[in-house]
Amino acid sequence: MKITTRKMLDRSFSSFGLFSIVLMILALLVILVPIFKRGSTAIVFNGTVEHRRFLLERFERGDEQEMASEITAIQAAQKPVYDMIEHFENRQRKYLDALNEPLTKLAKRSDSIGRLTKRRLKRLDKNKPFLTNVKTIQKLTDRLKGHVDSDNIQAEIEQLDATIQKIETQTKNLVELKEAIRELLGPAPGETRPVLLRKQYGQTRWDRAQVKLHEVLYIEKWDYSNEGMGRKVFEPRVEHFRGTEIEPLFDYMETNTEAMLRPQLTFYWGFLTDKSMDIHIFGGIFPELLGTVYLTLGAILFAVPMGVIAAIYFSEYARPGIIISFLRICISTLAGVPSIVFGMFGLAFLLNGCHLPKGVLAGSLTLALVILPTIIRSAEEAIRAVPRTYREAALSLGASRWRTVVTVVIPAALPGILTGTVISMGRAAGETAPIIFTAAASVAATLSLNPLQVWDQPTQALSWNIYNLCTEHEAANEIQHVLFGMTATIILVVLFLNLFAIILRARISKKLKGETT
Amino acid sequence: MKRLNQKRIKNLWAIALLAVALVTPTTWAKETDQLVLDGSTTLGPIAKAFAEYYMAKNPGVNVTVNESGSGNGAKSLINRTCDIASMSRFMKAKEFIAAVNKGVMPVAHVVAMDGLPVLVHPSNPVKALTVKQIRDIYSGKITNWNQVGGPNLAIVMISRDTNSGTYETFHKLIMTHKVDGKKIKEKISKKAEYVGSNGGIRTRVQSTPAAIGYAGLGFIDKTVKALKVNDIYPTRETVTSGKYPISRPLFMITNGYPKLGSHTHAFVTLYLSEKGQEIIEDIGFVPVTKY
Amino acid sequence: MSVTVLKKTSILNTPSDNLVLSSRANLAQNILAWIGQSFLFLVTATAAMIVLFIIFYIAKNAIPFFQIQGLTEFFTSAEWYPSGDPPAFGVLAIMLGSTLVTLGAIVVTVPLGVAAAVCLSDILPFSISQTIKPIVEILAAIPSVAYGFFALVIFAPLLQEEGGRLLMVGWYLLAVPFLFIITIVISEMLTFKITHESSRKTARTAALFVLGGSFIALLIFVGNTLGNLTITTGTNALNVSIILGIMALPTVVSVSQDALQAVGRELRDASYALGATRAETLIKVIMPAASGGIFIAVLLGIMRALGETMVVWMASGNAAQIPSPWFNYLQPVRTLTATIAGDMGEADQVTGSSRYHVLFAMGLILLMFCFLCNLVSEWIVSRQRKKLRGEN
């Protein structure tokens, strides 16, 4: 082969290596950047007055007087909207009342039309929602159309029908509009307070508020006139209300949304320290974080003593032989067991076999098995890294083997053991499959801060709840920021643990270098 | 060095003691009352909202909700690992027998009604299907949307996992039919994708133009389109009246009728209260009784 | 033996004592040491035996299934209707699904991972590769549920909307340089034997043109086919394979990097001294020498991909079908791990139905496979050790 070709091959080989490294970094960025970018919006976002009202009312954070003045301001800004709606409603009511006269006239007739009308009119009730009454009359005129016997009545009924039809569409449109506005601004003044928390507040986030504003202004429709798939079209809602009192409402809302919601740049650190309200539509992820912390610490508690003892045995006492290599194979096999099999084993043995309750204890025991091999390996490495001279010095002073290990080797290896422990903590915090059957629940009370009370409590650990919320939540689209925030949080937790371990390791290697030279 | 070491050993002792304390759970008594729900993801929104409401009302009570499927709910009730099994189907005969053999007497409370809307992507021009068409789609006889009046696009079937009551209901009401007086259960095509939850179905349908799926009434929003089935659109009215062909009751099942005044009793009768009904309605299901 | 004796004999605390121990004290100390050592051994053995207990327990729960249903259906049928009436427990399609996504992950991860390892160990300067190492560690540290979330929420819709074009770009990115090099190398090889200088040149140009033209045609044809591809569902085997490939990357990179570095400086120097380029040295000398370690890296990658649950559960579509044709990566598949995670809920744990035990049978298959992989890698390690010892 020519030397130039060989050189080219050499270069392309190197560039393929570089390319794969670049690809790896790119993959990392592609995964992390969107998660962090959208996850950060869980904490830093444009919060509306509703967000502050929520915090004040539910978590008692914020200034009450400031809130009061803010509320007066937004009420003033919102007043025209509700006034317009009220005028419109009154007008519709008047239209309906005007129908009273011809209807009672009809009811006085002695034929079937009269009887039918009478029966229907009895169902009218001022206390019922307006739309229900409208619909009652609408049904009546609908039935009457089939009963008509003479021409002069027919015209009358048809006119009645047309009027009621118009009232009905207008009212329906109004109900839709009111619902859209309620979603944006929260319940109208004077409305009874809903039970469900998500209905008690308007949009707490400015980005969501703009989406909802768009829904107020436009109706989303799908156009199927073309062949193939439909196209999304937005129909201005104002078209439904041309020439009515409500027509100016849309312009007003579009220009005055800021006055009505008063967005402010908000740092909501409570995302990490608040409990969730109404299944993560409001509030933070503290219970999840706490659950993860408990599970992780529990796993460490069980795995570290056992792992360190095993490591001591392997590095200090074990003499090579069949038994030891067998034990080593066992441990490396344990490291290769798929995490779901651990979960399965936890379920079958701990829950079904030992009748432990589904909860933190069962979960941490299962997780302890997952991280045990990592701990044994890293501890063994750390112990082996302790220079021989240390041991020799201790032994020459007459210390027994055990004493040497406890007083000299372990303290010297402690940073290394700690590094391994911290890395396994990251692993335990991120694992999901082992805790699905053993510890996870969708909704559970926030764990108490007293560790002795939580052992039998199931918990919504962070990793599990990411899965659970993004596949199971009925309003997953509304809480995207929470989902991304949770994912970013769990990645950050694990990364911080790893960073900590890296720093620890760097310090050890420095120390070892310093001591050996 | 030595003193430091002793301190460390003391710490080790403390940790060891803590570990011992953790594994001997009988030494302390529970201070809070606990209420454990297990079962359907369809009932999930109701159960979760009830749980939050109940915990807010009774601060001393821990309500835990697991959404792991109706089958799991039944299992937990039989194993006595939960107080209330929330199920989107009734207990099967086998489960009932297992329960009775274990001394558990299942008592069902119908908390709400639910329809199973058949969902497609909103860009899909298909507006209505018959039960037979849905059956043919899911059994793999119809594979393209143009066979039911839609565009030329291969159908992506999405089904709930087999451990869900939603799946069982769908299977019973859609996939089972009578030919010459004989009941035939059609199998759902192997090509169907399985999703572990109602929300998952909606997520998949809203992001897949060619998809068809089914989920609980409470999971419909603007991002998916519910189809008319046999010319009936799933609404609260058509579900309550039973006109909509795929309707079902949702159950909470307890072991025996709960003692009056117990938390279990208060919880399973929450649906009778006005607040409870409002919650059910707001979440998108149909309350059983209307005052 | 009284406590006082023990106290007296614990040496370091009482330096005034004689350094020479009485025989009684010596015995006591020996016994104590023996007890301590056996305690250590006991704990270690327990830690190690856990895996045997797990295998035993899973097997114990799996055997009833085979007793009731037999082996044939499990391994040869693709009918998976565990809740049907009568139920069908054919796991063939699910095993194939697991195989498919694992294979896909390996195809993604092994070339990239080994190339990256080579680059980190031999090509890049030490300081740069030291700074890149944390990136590999971060990739390894990201929890699987975060990968699953990414696969489901971001990647699946992207594949669905832009999938064809993404694949096309990927194809061009990989194939253009590769085919370019191949063209040159092959035309060199073909004309290598021609001795006459000028005729060789013309022959080479001709070969270049012919090969280049056909490769360009192939390039464009495949590119267009990929570009026009519509992916109906984003949660498919391809999605999962790519994500699993990325997840397995760190394992493959770090293990094969260790293997490459374990090959001594001498081999490299010798090869360079003979005039080999770096690529030739690495491919013909170093990589064969490190082949055992690289193979172990691949095995570990396979184990990681096969055992992963959350990603496949969230983003593989979970359809228990054999794709048609069987290698169609654009169709949803179901894997063993996802089936265990998804179906355990319904499985009747009280009475222990087949449906419960079949999941353990699946778990047992996973376990056995991992055990096998482990034994193979263990065997490779011991063989290498022997070889090294022999060489020394």
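The values are calculated or read from the model by the stated rules, or taken from the named source; none is laboratory data. It should be emphasised that the depicted structure is a prediction, and the values quoted were computed from it without experimental measurement. Every residue, glycine as well, gets a Cβ built from its backbone with ideal geometry; the counts of neighbours run over all protein chains shown. Note: accessible area is taken over every heavy atom of the protein model, side chains too, but ligands, DNA and RNA are not part of it. Shrake-Rupley method; radii C 1.70, N 1.55, O 1.52, S 1.80 Å.
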- Mind telling me which of the residues C:202, C:183 ends up being buried (at least 16 other Cβ atoms within 10 Å of the Cβ), of a type in the set (S, T, N, Q), more than 10 Å from every other protein chain (Cβ to nearest Cβ) and in a helix (DSSP H, G or I)? C:183
- Query: On the given criteria, is residue B:285 under 30 Å from residue B:104 (Cα atoms) and modelled with pLDDT of 90 or more?
  - Reply: no
- Would you please name the residue that is nearest to the chain's Cα centre (by Cα), looking only at residues in region C:215-238 that are open to solvent by less than 20 Å² (accessible area, probe 1.4 Å) and within 13 Å of chain B (Cβ to nearest Cβ)? C:237
- Output the number of residues of region A:224-251 satisfying the condition of being within 14 Å of chain B (Cβ to nearest Cβ), more than 36 Å from the chain's Cα centre (by Cα) and not small (Gly, Ala, Ser). 2
- Task: Considering each of A:143, A:198 in turn, give the residue that is under 16 Å from residue A:103 (Cβ atoms), in a helix (DSSP H, G or I) and either open to solvent by 30 Å² or more (accessible area, probe 1.4 Å) or assigned by TED's automatic domain parsing to the domain that holds residue A:122 (or both).
- Result: A:143
- residue C:302 vs (1) open to solvent by less than 30 Å² (accessible area, probe 1.4 Å); (2) at pLDDT 90 or above: all pass except (1)
- Query: Looking at residue A:13, is it at pLDDT below 90, in contact with a helix residue (DSSP H, G or I) (Cβ under 6 Å, 6 or more places away or on another chain) and either open to solvent by 60 Å² or more (accessible area, probe 1.4 Å) or within 14 Å of chain C (Cβ to nearest Cβ) (or both)?
  - Reply: yes
- Query: Quick check: anything in region A:300-321 of a type outside the set (Gly, Ala, Ser), part of a loop (DSSP other than H, G, I, E, B) and out of contact with any Phe, Trp or Tyr (no Cβ under 8 Å at 6 or more places or on another chain)?
  - Reply: yes
- Hey, among the residues in region A:37-57 that are open to solvent by 60 Å² or more (accessible area, probe 1.4 Å) and out of contact with any Leu (no Cβ under 8 Å at 6 or more places or on another chain), which one's modelled with the lowest pLDDT? A:57
- Test residue C:310 against the criterion of being open to solvent by 10 Å² or more (accessible area, probe 1.4 Å) and modelled with pLDDT of 85 or more, and give yes or no. no
- Query: Just wondering, is there one or more residues in region B:163-178 that are assigned to a loop (DSSP other than H, G, I, E, B) and either in contact with a Pro (Cβ under 8 Å, 6 or more places away or on another chain) or buried (at least 23 other Cβ atoms within 10 Å of the Cβ) (or both)?
  - Reply: yes
- Message: Out of C:319, C:338, C:290, C:305, I need the residue that is touching an Asp or Glu at 6+ places or on another chain (Cβ under 6 Å) and either more than 24 Å from residue C:55 (Cα to Cα) or of a type in the set (A, V, I, L, M) (or both). Which one?
- Response: C:319
- Query: Does region B:77-89 contain any residue that is outside any loop (DSSP other than H, G, I, E, B), out of contact with any strand residue (DSSP E or B) (no Cβ under 6 Å at 6 or more places or on another chain), open to solvent by less than 20 Å² (accessible area, probe 1.4 Å) and not assigned by TED's automatic domain parsing to the domain that holds residue B:173?
  - Reply: yes
- Take the residues of region A:269-280 that are open to solvent by 40 Å² or more (accessible area, probe 1.4 Å) and outside any helix (DSSP H, G or I): which is modelled with the lowest pLDDT? A:275
- Query: Do we find a residue being among the basic types (Lys, Arg) and either open to solvent by 10 Å² or more (accessible area, probe 1.4 Å) or in the same structural domain as residue B:40 (by TED's automatic domain parsing) (or both) anywhere in region B:136-152?
  - Reply: yes
- Would you call residue C:134 open to solvent by 30 Å² or more (accessible area, probe 1.4 Å) and over 23 Å from the mean Cα position of the chain (by Cα)? no
- Would you mind finding the one in B:133, B:206 that is at pLDDT 90 or above, more than 28 Å from residue C:356 (Cα to Cα), surrounded by 18 or more Cβ atoms within 10 Å (Cβ to Cβ) and more than 7 Å from every other protein chain (Cβ to nearest Cβ)? B:133
- Is one or more of the residues making up region B:54-62 within 21 Å of residue B:215 (Cα to Cα) and open to solvent by less than 10 Å² (accessible area, probe 1.4 Å)? no
- Among (1) in contact with a strand residue (DSSP E or B) (Cβ under 7 Å, 6 or more places away or on another chain); (2) open to solvent by 20 Å² or more (accessible area, probe 1.4 Å), residue C:358 falls short only on (2)
- Given (1) at pLDDT below 90; (2) of a type outside the set (Gly, Ala, Ser); (3) more than 22 Å from the chain's Cα centre (by Cα), where does residue C:360 come up short, assuming only one miss? (1)
- Residues in region A:443-452: is at least one open to solvent by 10 Å² or more (accessible area, probe 1.4 Å), without any contact (Cβ under 8 Å) to a residue 24 or more places away in the chain and of a type in the set (Val, Ile, Thr)? no
- Task: Kindly indicate whether any position in region A:465-476 is assigned to a helix (DSSP H, G or I) and more than 11 Å from chain C (Cβ to nearest Cβ).
- Result: yes
- Query: Going through region A:331-342 one residue at a time, which ones are at the interface with chain C (Cβ under 7 Å from one of its Cβ atoms), under 16 Å from residue C:309 (Cβ atoms) and assigned to a helix (DSSP H, G or I)?
  - Reply: A:336, A:339, A:340, A:341
- Filter pass, residue A:418 being at the interface with another protein chain (Cβ under 9 Å from one of its Cβ atoms) and at pLDDT 85 or above: no
- Residues that are under 18 Å from residue C:354 (Cβ atoms), buried (at least 24 other Cβ atoms within 10 Å of the Cβ) and of a type outside the set (A, V, I, L, M), drawn from region C:90-114: none
- Complete set of residues in region A:49-63 that are assigned to a helix (DSSP H, G or I) and free of Cβ contacts under 8 Å to residues at least 12 places away in the same chain: A:56, A:57
- Within region B:125-157, which residues are in contact with a Lys or Arg (Cβ under 7 Å, 6 or more places away or on another chain), on the phi < 0 side of the Ramachandran plot and assigned to a loop (DSSP other than H, G, I, E, B)? B:127, B:139
